[in-house]
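Take a look at the structure below.
The values are calculated or read from the model by the stated rules, or taken from the named source; none is laboratory data. Because the structure is a prediction, the values reported are computed rather than measured. For neighbour counting, all protein chains shown are included, and Cβ atoms are generated from backbone atoms with ideal geometry for every residue, glycine included. To get the accessible areas, we keep the full protein, side chains included, count just its heavy atoms, and leave off ligands, DNA and RNA. Shrake-Rupley method; radii C 1.70, N 1.55, O 1.52, S 1.80 Å.
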Amino acid sequence: MSDEKKSSVVLVEEQSFVPNHIAIIMDGNGRWAKEHSLPRMMGHQRGVKVVREVVKWCNENNILYLSLFAFSTENWGRPKSEVSHLMTLFLRSLKKEAKDLIEKGVKLRVIGNRSRLPKNLVEHICIVEEQTKNNNKLTLIICADYGGHWDIYNAAKQSIKVLQEKKLAVEDYSEEMFAQHLQASDIPPPDLLIRTGGEKRISNFYLWQLAYTELYFCDTYWPVFSQNDFNEILESYKKRVRRFGKLDSSK
Ligand code: IPE
Ligand code: IPE
Ligand code: MG
């Protein structure tokens, strides 16, 4: 290729070996419990302990954002008792972990449709978000009553409102303007998505945000996800070549 031609080719930017933003679909709580002849809720409870550990490992590795898929829009379809136990567990964990999050410099953000969550849970989410808002180490994004379809649909509705209020022409409304209405639009998209529990699907998680995310499916059930698993995944991420549809700069 001539030098002239080469310079007009857009090369992919220098790649960072540590992901800025990790997103996790924490799956396998129920199956882990079943394998140990325990009620499903024991799986969820153990899962919370792993969340605490993963926050620590992310901080140690200077990861800036960690998104955790905690409850999907479809999870409301589970038995009432499981849903209610999950909500109680979320509230209890928030209360218990707030102090630790503050000490560790973790900023909490909760995204999703808050209108269907229990009122006392939402109140507590607001308290902890306020208490941790000036923290600047890791941002922990908990996705609760979150669905990728809901997020995009919600952004579309907000966009229509803006178009009507500002009397803008649809042609003048850019993709970037639309994306500003997505949840956590101020946070860069995930570099790495991990799904534990062996399933190989996205299950309506970040649909827009995962466009160029590296995907890693791990068989370990979430309640026993270990630092070894985590380190192995980070090592594997280092070997990925991210091209974003462009050309690899080293070629
Ligand atoms: C993930 O574990 C936690 C939530 C969806 C709340 P599951 O409860 O889906 O566990 P499995 O997939 O049944 O093993
Ligand atoms: C995805 O797990 C949702 C969360 C981890 C919160 P699910 O267990 O709900 O997903 P499916 O049903 O296996 O696709
Ligand atoms: Mg599951």
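Summary of values
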read-out: Other-chain or far-sequence residues with amide H under 5 Å of residue 192's (modelled H); value: 21, 23, 214
read-out: Low-density loop positions, GluC sites (Glu not before Pro), region 146-251 - DSSP coil, at most 14 other Cβ in 10 Å; value: 199
read-out: Relative contact order of region 141-251, pairs being alpha-carbon contacts under 8 Å that are 6 or more residues apart, as %; value: 24 percent
read-out: Shape of region 16-170, Cα gyration tensor, a/c cut at 1.5; value: oblate
read-out: Theoretical ellipticity at 222 nm over the chain - DSSP helices of four or more residues, -39500 (n - 2.57) apiece, nearest 500; value: -13500 deg cm²/dmol
read-out: Accessible surface, the chain, averaged per residue in Å² (probe 1.4 Å); value: 56 Å²
read-out: Accessible area of region 173-251 belonging to carbon and sulfur atoms, whole % at 1.4 Å probe; value: 50 percent
read-out: Built amide H within the under 5 Å cut-off of residue 139, gap 5+; value: 65, 66, 107
read-out: The chain: most fluctuating residue of 140, 193, 86 per GNM, C-alpha cutoff 10 Å; value: 86
read-out: Fluctuation leader among 17, 90, 71 - the chain, Gaussian network, Cα springs under 10 angstrom; value: 17
read-out: Point-to-point label distance, residue 165-residue 56, nm (Cα→Cβ direction, 7 Å offset); value: 4.5 nm
read-out: Added length on full extension, which subtracts the Cα-Cα distance from 0.36 nm per residue, residue 84 to residue 123; value: 12.4 nm
read-out: Whole-percent carbon and sulfur share, accessible surface of region 51-102, 1.4 Å; value: 56 percent
read-out: Selected from 128, 50, 170 as most flexible by GNM, with the chain as the system and alpha-carbon contacts under 10 Å; value: 170
read-out: For region 78-185: rounded, prolate or oblate by the Cα gyration tensor [a/c cutoff 1.5]; value: oblate
read-out: Where trypsin sites (Lys or Arg not before Pro) fall in DSSP loop in region 153-239, at most 11 other Cβ within 10 Å; value: 166, 167, 200, 201, 239
